[in-house]
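J.: Handing you a structure now.
The values are calculated or read from the model by the stated rules, or taken from the named source; none is laboratory data. Just so it is clear, the model here is predicted, and its values are computed rather than measured. So basically every Cβ, Gly included, is an ideal-geometry build from the backbone, and we count neighbours across all protein chains shown. Heads up: the accessible areas ignore ligands, DNA and RNA and are worked out on the full protein's heavy atoms, side chains in. Shrake-Rupley method; radii C 1.70, N 1.55, O 1.52, S 1.80 Å.
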Amino acid sequence: MDQLSGVPVPQTATLCLLKPHILRNGEAAACIREIVASGFKIEACLSIHLSMDIIEHMFEVYRGIYPNYNKMVEHMCSGPCLAIMITGSSGHTVTEFRDFCGPFDSQLSKLLRPKSLRAKFGLDSIFNAVHCTDLPDDGQMECEYMFQTLASL
């Protein structure tokens, strides 16, 4: 595989984006330690400053669902993100990692899932630490988009 085509993406991969405030606050390493300590494997990482067009394309499914959609998109474009391709020991990595991240709103995560990434590192529903793949069938596709399509630009 040549350098422009990116890295191979396992079928069981899922995408995690550490949001810009996590990188600005120097919390990326702590998040990564939590991910690895929980039994997930990091296959690849990519530091990327996503444009408004790319974020709106990626997050279009959330428009009309999340009341703070515009603020979420603005935050994702406010600085570099760290894209992480994650696999696990089972064939259910997307679902297991999503559970590990916790509920979308960090305040709810603190109540319901206090050991989750969003509970530990998030502040609210905008600054909730991470974006993770929602649907089991989308993990490989999101990773291919990030680590093959965008990485080759």
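J.: Please list, in chain and number order, the residues 5+ apart from Cys81 or on another chain whose amide H is under 5 Å from its amide H, with Hs placed from the backbone.
T.: Ile48, His49, Leu50
J.: In square angstrom, what is the accessible area per residue of the chain with a 1.4 angstrom probe?
T.: 51
J.: Straight-line reach from Lys120: which aspartates and glutamates have a Cα under 17 Å away, not including same-chain ones fewer than 8 places off?
T.: The reachable aspartates and glutamates, counting only those whose Cα sits under 17 Å from Lys120, are Glu27, Glu34, Asp99, Asp105.
J.: Could you list the residues of region 75-91 with an amide nitrogen less than 13 Å from a label point located 7 Å from the Cα of Thr149 in the Cα-to-C-beta direction?
T.: none
J.: A further question on this structure: So, with a 1.4 angstrom probe, what is the percent of accessible area on the chain that is carbon and sulfur?
T.: Of all accessible area on the chain, carbon and sulfur atoms account for 55 percent.
J.: What does the helix-only formula give at 222 nm for the chain: each DSSP H stretch with n ≥ 4 adding -39500 (n - 2.57), the total divided by the residues, and the result rounded to the nearest 500 deg cm²/dmol?
T.: After summing the helix terms and dividing by residue count, I get -9500 deg cm²/dmol.
J.: Could you tally the net charge around Ala44, taking each other residue with its Cβ under 15 Å from the Cβ of Ala44, Lys/Arg +1 and Asp/Glu -1?
T.: That sum, taken over residues with Cβ under 15 Å, equals -2.
J.: Starting from the Cα gyration tensor of region 46-153, multiply each eigenvalue by 5, take the square root, and state the resulting semi-axes largest first in whole Å.
T.: Calculated on Cα positions only, the semi-axes equal 21, 19, 12 Å.
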